[in-house]
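Okay, structure first, notes after.
The values are calculated or read from the model by the stated rules, or taken from the named source; none is laboratory data. Not measured: the values here are computed from a predicted model. Reconstructed Cβ throughout: ideal geometry from the backbone, glycine too, with neighbour counts over all protein chains shown.
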Amino acid sequence: MTEELRIGVFVCHCGINIGGVVDVPAVVEYASTLENVVHAEHNLYTCSSEGLEAIKSAIHEYELNRVVVASCTPRTHEPLFRATCKEAGLNPYLFEFVNIRDQCSWVHMHEPELATEKAKDFVRMGVAKAARLEPLEELTSDVIPSAVVIGAGISGMTAALSIAKNGFYVHLIEKESEMGGLLRHLYKLYPTEELAAEFLEQRIKAVEEDERVELHLSTSIKDVEGYVGKFKVRLDENGAERAIDAGVIIVATGAKELEPEGLYGYDGKKVITQLQLEEKLKHGDLNLEGIKGVVMIQCAGARGEVVEYCSKICCMTAIKNAKLLKEANPDINVFIAHNELQAYGEEYELYYRDAKKAGVRFLRFPLEKRPKVRKSDGKLVVDVYHERLQMDIPLEADLVVLSTPLVQNPDAEKLSKMLKVPLGQDRFFFEAHVKLRPVDFATDGIFLCGTAQGPKDIEESISQGYAAASRATIPLAKGYVRSEPIISSVDEAICVGCGICESVCPYGAIEVVETEEGRRARVTGVKCKGCGTCGSSCIKRAIKMQHFTNDQLMAQERAALGV
């Protein structure tokens, strides 16, 4: 017996985000006239506790078996509304989201009448699709109770130790012969001025003493297979191949300092980078008594010179090293030439003021008139254009220090292809969502922390290490993962096993296997993201996308055209 369709429509004012442009009551009145709609109402904020209770009450009162919410973006709120439907006893995939904020009120804020008509069109399309929705069940898969952390810098070590303290085994993989990453090359940390070596030694000792952490030094990743809960990682460990299994993976591969070849007369001797200065200070290789002037040039290679972005940590690194130089020898003239300083937060601002009190001088230059390094009578001279004086200020220097940005490691692209995770426009690893999922990748079971994501200081890298470990520990603790059933489905009676779908799948979720009836495509549900690439490429139309079937999409198209 065919189920009687009973659809409820809920239209959100979203304060003035929608209601300030779209005539929400008119949209509700229109929705109530649509076929199969038995209830329509508007809410000030549908995502509020009152709005969610209104949905649950209406499901029971009007015996709704389909729900349409017209409000903001499904990217942020769809899980919330699905969970609400589930709490009311309705299958969460009998819910349809209509975005009338981003696609109506925000883009047509000066055309309220047209925005309202467009919102009506969208609601009509949503109702048409909702009438053809089918109940779906989430997929469940077991999780191997161990983790792989790629990179043994400060964020990687932090993540590994955090997971281990929660009782799970961790494989910590480092391509270098020792742990520590960039932290190994630092002299002192800001703003505490604690010796970096002593700080790092404590972390290294903790890793070495933890029985749940297995350290793999001089080890590279050869290949990664599988999906959340069941990853297989092949290693090249000191020339020997090895495969390990894990439920989750954390990428903490770090970054490296830009080599400023061809910039500001860089020679690695008289013109060096901040990291090289740290090394000299650390090992006592700098004759502080023989240096009279030091000029530090900020944004060397950053903000449009080589890379487009600000490296975020360069200002505080320069301030720290300048302050250390002045404290070691107050007679040294130390100048920091900058475009603008990033000393964010009270602690860093106070540290900046302490540097000024110690005698460090700051000169601001415009980016279009960067400093120039030249030689005059055998001496280095840095010409810094002074914004207020509108002229070049020549500064004699025995040492020029370039504050260069952190850049991505050269092997990141290879790893991103193995893991099927993206790199952003600056070539750093790209998280799923900067606010909602800042340490997750779009690929389930793979997480991110530290400077592999972009330039950040040690404190932030440690915080992210804990955050990534926290996220990764959830599936390990549960012992299973659930994934959305919005995936591709193969009709094996039609499939001819041509393999096109397998070749185009960006997630490796579909493969052609031998069956009793011949070669057929098969989908690994927990790997599939429902992108639809396989369905659109299938020459036999043997693949459909659950929740986005041809019938559902065609119904939306007909509703859009009013036919």
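If the requirement is being in a loop (DSSP other than H, G, I, E, B) and in contact (Cβ under 8 Å) with a residue 40 or more places away in the chain, which of these qualifies: G268, G262, G301?
G301
How many residues are touching a Gly at 6+ places or on another chain (Cβ under 9 Å) and at pLDDT below 95 if we restrict to segment 520-540?
Number of matching residues: 3.
Scanning segment 20-54 for residues that are without any contact (Cβ under 8 Å) to a residue 40 or more places away in the chain and part of a loop (DSSP other than H, G, I, E, B), which turns out surrounded by the fewest Cβ atoms within 10 Å (Cβ to Cβ)?
T33
For the subset of segment 399-454 comprising residues that are of a type in the set (K, R) and part of a loop (DSSP other than H, G, I, E, B), which member is surrounded by the fewest Cβ atoms within 10 Å (Cβ to Cβ)?
Result: K435.
Applying the selection to segment 138-159, what residues are buried (at least 24 other Cβ atoms within 10 Å of the Cβ) and in a strand (DSSP E or B)?
Listed by number, the residues that qualify are A147, V148, V149, I150.
Going residue by residue through segment 409-416, is there one that turns out to be modelled with pLDDT of 95 or more and aliphatic (A, V, I, L, M)?
Looking through segment 409-416, at least one residue is modelled with pLDDT of 95 or more and aliphatic (A, V, I, L, M).
Could you figure out which of (1) without any contact (Cβ under 8 Å) to a residue 24 or more places away in the chain; (2) surrounded by 24 or more Cβ atoms within 10 Å (Cβ to Cβ) isn't true of P92?
(2)
So which residues in segment 525-543 are of a type outside the set (D, E, K, R), farther than 17 Å from L419 by Cα and in a loop (DSSP other than H, G, I, E, B), if there are any at all?
Within segment 525-543, G525, G530, C531, G532, C538, I539, A542 qualify.
Kindly check whether there is at least one residue in segment 175-185 that is over 19 Å from G247 (Cβ atoms), of a type in the set (D, E) and either free of Cβ contacts under 8 Å to residues at least 60 places away in the same chain or part of a loop (DSSP other than H, G, I, E, B) (or both).
Yes: segment 175-185 contains one or more residues that are over 19 Å from G247 (Cβ atoms), of a type in the set (D, E) and either free of Cβ contacts under 8 Å to residues at least 60 places away in the same chain or part of a loop (DSSP other than H, G, I, E, B) (or both).
Can you work out which of the residues in segment 218-244 that are hydrophobic (A, V, I, L, M, F, W, C) and free of Cβ contacts under 8 Å to residues at least 60 places away in the same chain is farthest from S177 (Cα to Cα)?
Here the answer is A243.
Looking only at segment 494-524, count every residue that is surrounded by 14 or more Cβ atoms within 10 Å (Cβ to Cβ), aliphatic (A, V, I, L, M) and outside any strand (DSSP E or B) and tell me the total.
4
It is to be established whether one or more residues within segment 275-295 are in the same structural domain as P394 (by TED's automatic domain parsing) and within 20 Å of Y344 (Cα to Cα).
no
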